[in-house]
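Report on one structure; see the data block that follows.
Read-outs throughout are calculated quantities, based only on the coordinates presented, and are distinct from any laboratory measurement. Just so we're clear, the structure is a prediction, and the values are computed from it rather than from any experiment. FYI the Cβ positions are ideal-geometry reconstructions off the backbone, even for glycines, and counts take in every protein chain you see.
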Amino acid sequence: MNTVRIWFSKRGEASYISLLDLQRVMGRAIKRSGVPAWYTQGFNPHIYLTFACPLPLGQESLVESVDFKTEEEHPDYEAWAEDLRRVMPAGILVNRLCPAAHKAEEIAWSRYQVHYPAGMAARAAEQYNALPQALVEKKSKRGVKTLDLKQYIPEIQVQKEGDQDCFELLLPAGVSFTVNPALLTGFFEKEYGLKSSDAHILRTQLLNEKMEKFE
Amino acid sequence: MFEPALREALANVQKPGRYTGGEPGCVYKDKEKVDLRFAFCFPDTYEVGMSFLGEKILYEILNQRENWWCERVFMPWLDMKAEMERLKIPLYALESKDPLTAFDVVGFTLQYELSYTTILAMLDLSGIPFYAKDRDESWPLIVAGGPCVCNAEPLADFFDMMMLGEGEEQLPQVCATIEQAKKEGVDKQELLRRLSRIQGCYVPSFYEVSYQPDGRIQAITPREGAPAVVHKAIIKDMNKLPLPTHFIVPMIGAIHDRAQVEVLRGCVRGCRFCQAGFLYRPMRERNAEMLDKAAHDLCDNTGYEEVSLHSLSTSDHSQLEQVLDRMNEWMPKEHVSISLPSLRIDNFSESLIEKTTKIRKSGLTFAPEAGTQRLRDVINKNITWEEIEKTCSLAFRDGYTSVKLYFMMGLPTETMEDIEGIAETAQKIVDLFYANPDKPKGKSVQVTISVACFVPKPHTPFQFVPQDTEESLKAKQQHLLHSVHSRKIRVNYHDSSTSFLEAVFAKGDRRLAPVMVAAYRKGCYLDSWSDCFHYDRWMETFREFGIDTAFYANRFIGLDEITPWSHLDYGVSHEFLVREYKKALEAKTTRPCNRQCSGCGANLLLGGPCFEYSQDLVQ
């Protein structure tokens with residue numbers, strides 16, 4: 001049994017598909033593509049899917065991954081990628097298929113690009129950089145915790161990119177602890193009046209403990 | 001892709017995936033290159049609308065034309081509606097995100113009376129005037145189709161044109177006429193005149209309705225050369241009509257999120273309460289080969305793992321076993337299961353159970369509709385207790401442990417004895433389970449009875465009868481609850497106030513239009529959702545307009561009275577409806593169409609007999 005990893009981008013319309021829905025969407029897409037995925041053998045057979053690091057609703061990503069199993073001993077990754085491309089919904093772009101090298105649990109960090117309309121983020125970042133601390137509430141299943149964003153984002157460097165303000169973030173993203181970039185855009189909204197919905201958040205990289213690329 | 005305002009709205013609502021489009025199977029075209037844009041509007045939420053087979057059929061047919069683009073529009077849920085109003089986002093189609101005003105034709109499907117004011121809400125969100133007379137050529141043509149068109153007179157003033165009957169051939173004809181008119185630059189009146197010459201196309205403004213002093217209709221007079229009676233459009237040969245095989249696959253769960261294959265259209269049974277049974281006459285089947293291929297293609301194209309064999313009465317298909325045999329060849333290895341939603345209790349055979357449960361076993365659902373044999377004969381639901389007994393025994397022996405039964409209350413001639421009969425039927429099924437020596441060990445049985453309030457509908461033999469009053473229905477519901485003595489029986493019943501409103505609109509006339517506008521202004525829309533249903537506001541509005549709701553819902557309609565739908569013809573003659581009504585009062589049954597023709601008149605639509613009567617199709 002081989003585990004195959006699909007690397008895909010999740011953009012535009014697809015950024016509004018929740019994880020729960022994405023499981024169904026992917027399962028059906030794989031079935032439509034004709035790629036020989038392995039089905040669970042239980043009462044309710046289905047394609048067994050594992051998403052490495054689910055993305056919050058409304059954010060975009062270039063580096064999403066989902067694993068499925070196959071009994072095929074020599075998967076033709078190129079051909080399967082092509083088959084999958086034909087059947088994906090708008091906004092899900094299959095980048096490549098490969099053997100699952102690392103385990104999903106190894107993911108520790110994620111890199112993001114945040115875009116705001118020009119002129120909006122620079123001043124907010126300046127104010128943010130001058131703060132001694134930036135407290136936000138982080139909600140999880142275990143309850144609400146207060147977290148100091150400055151611990152994770154000490155400074156923001158805004159660059160102008162055409163008609164947009166852009167900056168990068170590197171944040172913890174793992175099984176045990178994740179900092180959602182929306183905490184920062186939420187902080188910007190609350191403190192400086194920048195609408196969260198004006199922020200485009202794009203995940204660009206997944207990294208392990210040692211800051212190596214997750215493959 | 002998304003405008004900033006739309007992004008903001010989507011960030012603030014539940015399930016934004018309902019408002020984004022982009023699902024697998026949806027069609028995007030270059031709007032500069034199309035000659036006709038059609039907005040297919042479903043006046044309910046995405047989850048409900050995406051379950052609707054008719055939209056999938058017509059979406060595929062229209063989009064097959066390279067130069068036409070059909071897109072989808074649904075009613076946003078309350079949170080999204082509020083955001084759209086706050087951010088001044090007009091209602092848009094999911095594919096192009098363009099407002100409805102950018103379309104040539106805006107078509108609504110009328111599936112249910114309680115969706116009527118949702119249409120007003122959708123027009124309002126688009127900034128489109130409600131009344132047809134207030135819209136000139138600069139507005140899209142607002143049209144309607146679907147079963148409720150059989151008497152959508154309460155909505156007649158809002159629509160430019162309505163389509164009676166089956167849309168697969170008619171709608172492309174309509175679109176071609178509109179495309180041509182657009183090229184020629186003809187005015188709206190001329191376009192409507194041309195449309196009124198297409199079979200089943202009804203232009204309400206071409207008919208004048210006058211009333212008698214007591215409120216009944218005096219006359220319905222055609223103008224502008226429109227036909228005195230509009231005859232529905234029909235597909236004569238279902239085997240020549242390809243099935244849709246490219247459904248849009250919703251990404252957030254629709255209510256019916258599975259492959260649907262329409263095995264037959266119409267119904268041979270002639271249940272006297274059932275509007276669909278009369279509107280879709282005569283019954284026409286598709287052959288086994290065609291159905292099997294469509295089901296297979298559909299699963300391949302969508303990735304669905306469940307196929308439902310769809311129709312008003314699937315077990316009446318003369319080749320059903322063959323269909324199932326063919327499908328069972330490929331389904332198990334492709335991990336596809338099958339569901340048969342509309343089975344008759346009287347021809348549910350052992351092999352049918354076996355063929356449908358190769359993969360998974362779910363509950364059984366049947367509809368005896370009435371609790372006593374006498375009342376079942378009145379409504380012409382030709383099933384007996386012996387048949388119910390046989391089917392349930394079969395199912396229990398096969399390992400089923402739950403049975404759901406549908407009933408109605410408020411049927412013509414009904415007494416409290418008939419209500420007790422509902423409870424007795426359920427109790428006898430519970431007893432049957434325990435009498436079965438092979439029953440699954442350690443398992444208990446669950447019989448659920450779901451009781452709806454009967455709504456007399458136009459074009460049925462019961463169109464003449466008054467609806468039971470709310471007081472009487474409530475008393476019957478209480479009596480039923482008191483008649484059930486087992487915890488194995490669960491009783492669900494419907495709110496009688498929604499059924500009452502449904503009756504008012506089902507048999508309503510054009511005088512109800514301003515009431516609907518006023519009720520909408522008070523916040524009445526999405527009425528079929530219990531948290532949005534404001535009965536008091538509706539009743540208040542009727543009072544303000546001096547409308548007696550009982551005139552529509554609770555009055556006996558004379559057998560020779562002109563009804564609001566007298567000029568709309570579905571192929572079934574008035575004489576037949578009267579004959580059936582009289583037989584009902586005597587509790588006399590009528591045989592199914594495929595056993596004996598009872599002369600309803602619908603065979604004229606096909607130009608010959610509906611069946612070869614030498615065949616014995618019904619077991």
Practice problem: Compute the Rg/Rh shape ratio of the range A:2-101: radius of gyration over Kirkwood radius, all on alpha-carbon atoms. | Solution: 0.94
Self-check item: Cα-based helix-to-principal-axis angle, A:121-130 vs chain A, degrees rounded to 10
Solution: 70 degrees
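Could you work out the relative contact order of the range B:4-231? I mean the mean sequence separation of Cα pairs under 8 Å and 6+ apart, divided by the number of residues, in percent.
This gives 16 percent for the range B:4-231.
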Exercise. Among A:L97, A:L135, A:L62, determine the one that fluctuates most according to a GNM of chain A built with springs between C-alpha atoms less than 10 Å apart.
Key: A:L135
Self-check item: Furthest towards positive pole of dipole, B:L78, B:A132, B:G399, structure part the protein assembly as shown, Cβ charges
Solution: B:G399
Quiz item: Say we join alpha carbon atoms closer than 10 Å with springs in a Gaussian network model of chain A; which of A:G42, A:G58, A:G186 then has the biggest fluctuation?
Solution: A:G42
Practice problem: List the residues whose amide H sits under 5 Å from the amide H of B:A144, counting only those 5 or more places along or on another chain, with H placed 1.01 Å from N in the peptide plane. | Solution: B:F108, B:M161, B:M162, B:M163
Quiz item: Do the sum for chain B: with -39,500 (n - 2.57) for every DSSP H run of n ≥ 4, divided by all residues, what is the mean residue ellipticity at 222 nm, to the nearest 500 deg cm²/dmol?
Solution: -10000 deg cm²/dmol
Self-check item: B:N380 long-range amide H proximity, modeled H, under 5 Å
Solution: B:R272
Quiz item: In terms of the ratio Rg/(2.2 N^0.38 Å) built on C-alpha atoms, what value belongs to the protein assembly as shown?
Solution: 1.04
Quiz item: Cα to Cα, under 17 Å, and not fewer than 8 places away if on the same chain: which lysines meet these conditions relative to A:K139?
Solution: A:K190
Self-check item: 30 Å Cα-Cα threshold exceeded, pairs from A:K138/B:K15; A:K10/B:K182; B:K381/B:K488; A:K213/B:K15; A:K141/B:K404; A:K150/A:K195
Solution: A:K10/B:K182; A:K213/B:K15; A:K141/B:K404
Quiz item: Counting only other chains, what is the mean number of Cβ atoms within 10 angstrom of the Cβ of each residue in peptide A:86-94?
Solution: 4
Self-check item: Two-site FRET efficiency, A:V144 against A:C98, from Cβ-Cβ distance with R₀ of 51 Å, rounded to 0.05
Solution: 0.85
Self-check item: Separation between Cα centres of the range B:505-569 and the range B:27-101, rounded to whole Å
Solution: 28 Å
Exercise. Could you check which residue among A:F51, A:F177, A:F167 shows the biggest mean-square fluctuation in a GNM of chain A with a 10 Å Cα cutoff?
Key: A:F177
Self-check item: Counting DSSP beta bridges with both ends in chain B, the antiparallel % (nearest 5)
Solution: 20 percent
Quiz item: What ranking do B:M290, B:M539, B:M416 get, fewest neighbouring Cβ atoms within 10 angstrom at the top?
Solution: B:M416, B:M539, B:M290
Self-check item: Radius 14 Å from Cβ of A:Y128, net charge of other residues (Lys, Arg +1; Asp, Glu -1)
Solution: -3
Exercise. Taking the Cα centre of the protein assembly as shown as origin, work out the dipole magnitude from +1 charges on Lys and Arg Cβ and -1 charges on Asp and Glu Cβ, in debye rounded to 20.
Key: 1100 debye
Quiz item: Using a cut-off of 16 Å between alpha-carbon atoms, which aspartates and glutamates can reach A:K103, once sequence neighbours fewer than 8 places away in the same chain are excluded?
Solution: A:E64, A:D67, A:E209, A:E212, A:E215
Quiz item: If we count trypsin sites (Lys or Arg not before Pro) as exposed when they sit in a DSSP loop and have at most 10 other beta carbons within 10 Å, what is the longest stretch of chain A that avoids them all?
Solution: A:1-140
Self-check item: Formal net charge of residues neighbouring B:T118 (Cβ-Cβ distance under 13 Å; K, R +1; D, E -1)
Solution: -3
Quiz item: Using all Cα-Cα distances in the range A:105-208, what percent lands in each 10 angstrom bin from 0 up to the longest?
Solution: 15, 48, 31, 6, 0
Quiz item: Karplus couplings for the range B:539-554 from phi (6.51 cos²θ - 1.76 cosθ + 1.60, θ = phi - 60°), rounded to Hz, Gly and Pro as x?
Solution: 5, 4, 5, 4, 4, 4, 8, x, 9, 8, 5, 5, 4, 7, 8, 10
Quiz item: Mean 1/r over all different Cα pairs, inverted: what Kirkwood radius does chain B give, in Å?
Solution: 25.7 Å
Self-check item: the range A:70-83 - phi-based ³J(HN,Hα) in whole Hz, Karplus 6.51/-1.76/1.60, Gly and Pro as x
Solution: 9, 8, 5, 7, 10, x, 9, 4, 4, 5, 5, 4, 5, 4
Self-check item: Dimensions in Å of the range B:537-594 - Rg and Dmax from alpha carbons
Solution: 16.3, 50
Self-check item: Relative contact order (%) - criterion: Cα under 8 Å, at least six apart; region: chain A
Solution: 25 percent
Practice problem: Compute the relative contact order of chain B as a whole-number percentage, counting only Cα pairs closer than 8 Å that sit 6 or more residues apart in sequence. | Solution: 14 percent
Practice problem: Give the distance, in whole Å, between the Cα centre of the range A:96-123 and the Cα centre of the range A:1-62. | Solution: 18 Å
Quiz prompt | Residue exposure sequence - B:K390, B:K88 - by fewest surrounding Cβ within 10 Å | solution = B:K88, B:K390
Self-check item: For the range B:389-406, 3J(HN,Hα) per residue [Karplus equation, 6.51 cos²θ - 1.76 cosθ + 1.60, θ = phi - 60°, Hz, x = Gly/Pro]
Solution: 4, 4, 5, 5, 4, 4, 5, 5, 4, 8, x, 5, 10, 9, 10, 10, 10, 9
Quiz item: Exposure proxy check: B:L340, B:L241 ranked by fewest other beta carbons within 10 Å?
Solution: B:L241, B:L340
Quiz prompt | aspartates and glutamates with Cα under 12 Å of B:K97, excluding same-chain neighbours fewer than 8 positions away | solution = A:E13, B:E3, B:E71
Practice problem: Rounded to whole Å and sorted largest first, list the principal axis extents of the Cα atoms in chain A. | Solution: 56, 38, 31
Practice problem: Search the structure for amide H atoms under 5 Å from the amide H of A:F51, placed 1.01 Å from N in the peptide plane, and list their residues when 5 or more places away or on another chain. | Solution: A:D67
Quiz item: Hey, how many Å between the Cα centroid of the range A:179-215 and the Cα centroid of the range B:403-462?
Solution: 57 Å
